[in-house]
Amino acid sequence: MTFTNAKMAATLFAKLLQKQGWLPLTQSVRHGSKAVTRHQKPLHFLKKKLLVVTRYIPPPRPLPPGAYPSEDQQTQQENDFMRLQKKNLKKVFEDCRMIAVVQNNHCNAGDMLVLKNKLFKHSISIKFFPNQVTRLFLNDSSYCNMAPLFIGPTALFVSKEPKVKELLSILRASPQMTLLAACVDNTLLSVQGLVKYSKLPSMTMAQGELVSVLTMLTSCTASMLQRHPAHLSALLQQYVKQQSPNSDAEPAAKAEEAT
């Protein structure tokens, strides 16, 4: 009787706990490995290749008519714009005596603004043209040797006067811009040629040196003419003797004929 009463009490207690939403203090959990009897069989290598080759590729959806402009109209618009840019580029080559080709190696906007300000102080400006337009212009002009320089992002540093020394000093402070070559007074120069050109004296200094040399020669001539005429005649006689080396042999020959 006691065992039966205890069992009934436990059953009632469990029912009350379930009604109130409580959980028992202990739960039995079954531990063990699951028996997996079905494994996906790997496909054969040839079958995989066959599936990839025979995979269905749907055709591209056709564009609705009128969604994009026609190719002829787009080409005509590009040609007109390129013609305008070629005209501007031709004007740059005609007006500027120095045109340097510089490669832009990811120069940001801040550094580009600082570089423009430095170049503006020396009357040097930066021009950007598409490489396709530049090559089309150069192939039909006398500057065709510059066409291979325009590969990748490039810029033109132009000025009406050949200020090579100032350009080189500014580019040394900006490593993002690499100088490739330049056209100075219709002459294509490499980087080494530009360095040598920058070391040359200016036109005014060269003219001054030429005037000094000519003045020195005229001063020597004037000093010689201002000396005594006898000294000048002696110098002229010595010059005549030097020009006629057989002058001493002729009197000796005449003396032998007389005897």
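The values are calculated or read from the model by the stated rules, or taken from the named source; none is laboratory data. Predicted model, so just to flag it, every value in this text is computed and none were measured. Cβ sites come from the backbone with ideal geometry, for glycine too, and all protein chains shown count toward neighbours. Just the protein is used for accessible areas: all its heavy atoms, side chains included, with ligands, DNA and RNA removed. Shrake-Rupley method; radii C 1.70, N 1.55, O 1.52, S 1.80 Å.
Structure above, values below:
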quantity	calculated
Single unsatisfied condition, Lys165 versus (1) in contact with a Ser or Thr (Cβ under 7 Å, 6 or more places away or on another chain); (2) closer than 15 Å to Leu113 by Cα; (3) open to solvent by 20 Å² or more (accessible area, probe 1.4 Å)	(2)
Residues (modelled with pLDDT of 75 or more and open to solvent by less than 100 Å² (accessible area, probe 1.4 Å)) located in region 53-82	Thr54, Pro58, Pro59, Pro64, Asn79, Asp80, Met82
Given (1) at pLDDT 65 or above; (2) of a type in the set (A, V, I, L, M, F, W, C); (3) assigned to a loop (DSSP other than H, G, I, E, B), index of the condition Val36 fails	(1)
Single condition Asn88 does not satisfy, out of (1) loosely packed, with under 12 Cβ neighbours inside 10 Å; (2) at pLDDT 90 or above; (3) of a type in the set (S, T, N, Q)	(1)
Filtered residue count, region 137-161, keeping only those that are in contact (Cβ under 8 Å) with a residue 60 or more places away in the chain and buried (at least 18 other Cβ atoms within 10 Å of the Cβ)	3
Boolean, Phe157 is of a type outside the set (Ser, Thr, Tyr) and under 18 Å from the mean Cα position of the chain (by Cα)	yes
Test for Lys241: is it in contact with a Ser or Thr (Cβ under 9 Å, 6 or more places away or on another chain) and at pLDDT below 90	yes
Pairs where the first residue, in region 163-190, is free of Cβ contacts under 8 Å to residues at least 12 places away in the same chain and the second is in a strand (DSSP E or B), C-beta under 6 Å, 6+ apart	Leu189/Ala182; Ser190/Ala181
